[in-house]
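Notes follow the structure.
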Amino acid sequence: MISKPSRHCTVELQALPSRIGQVRRIVSAQLRYWHQDPLIDSAALGVTELLTNVHRHAVPDKKCIVEMDLSRDRLTVSVRDSDPRVPRLRPTDLTAIGGRGLALVASLSESWGVRPRGDGGKIVWFTLQTSTPTVPAAATAVPAPVPTLAPYPFHAPAPAPSVVRGPAEPLPVDALPAAAVRALRQEVVGVAVRRAPAMERAAAG
């Protein structure tokens, strides 16, 4: 039986070699579901070692329960069986074929331990520190104000005509071009010819 609430997973099994591989895959899948992928290798290896101990040493049967509890900062993995005998951590012997299961669990975990059950069995457990995802802090910078543009008129008013003022002193005739001097003289002569009759009639009267 497998129960999987949001932060708790329980697997009941017979600790046989074929079932141990299945439980290891269940543990890996559950940790992925909890977004705790960095803990998969250590948790799966620790469960494998504890179930192997049950398979080799537990009596009168191999029934056991694997539990995983995920809290804010740690994962607790436990294996309980009906054998009241408490396993002990042995000195490391590199020449020995077995007997290094608890030493391996102790090396990969944050903490571990054994406690007796009231019905005569025991619970072996270990903890792993969870990987806490880092959430980037919200940006506190104040955005630059957007400049306000004045509405562009459909028909811009025509600019006022500029007034060009002449020099304060008259220009000498020598400073003008020859063609301009001739045109100015012809205009003066024409004005004089047109005004002559009127001046004569005024003198006669």
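The values are calculated or read from the model by the stated rules, or taken from the named source; none is laboratory data. Given the structure is predicted, the values throughout are model-derived calculations rather than measurements. Protein only, heavy atoms only, side chains kept; ligands, DNA and RNA dropped before computing areas. Shrake-Rupley method; radii C 1.70, N 1.55, O 1.52, S 1.80 Å.
Taking N as the residue count of region 5-58, its C-alpha radius of gyration divided by 2.2 N^0.38 Å amounts to 1.13.
Among the protein heavy atoms, those of Arg115 account for about 120 Å² of accessible surface (1.4 Å probe, every chain in place).
Stretching Val86 away from Ile40 to a fully extended chain increases their span by 13.9 nm, per 0.36 nm per residue minus the current alpha-carbon distance.
Here the gap between Ser131 and Arg72, fully extended at 0.36 nm per residue and compared with their Cα-Cα distance, gives a gain of 20.3 nm.
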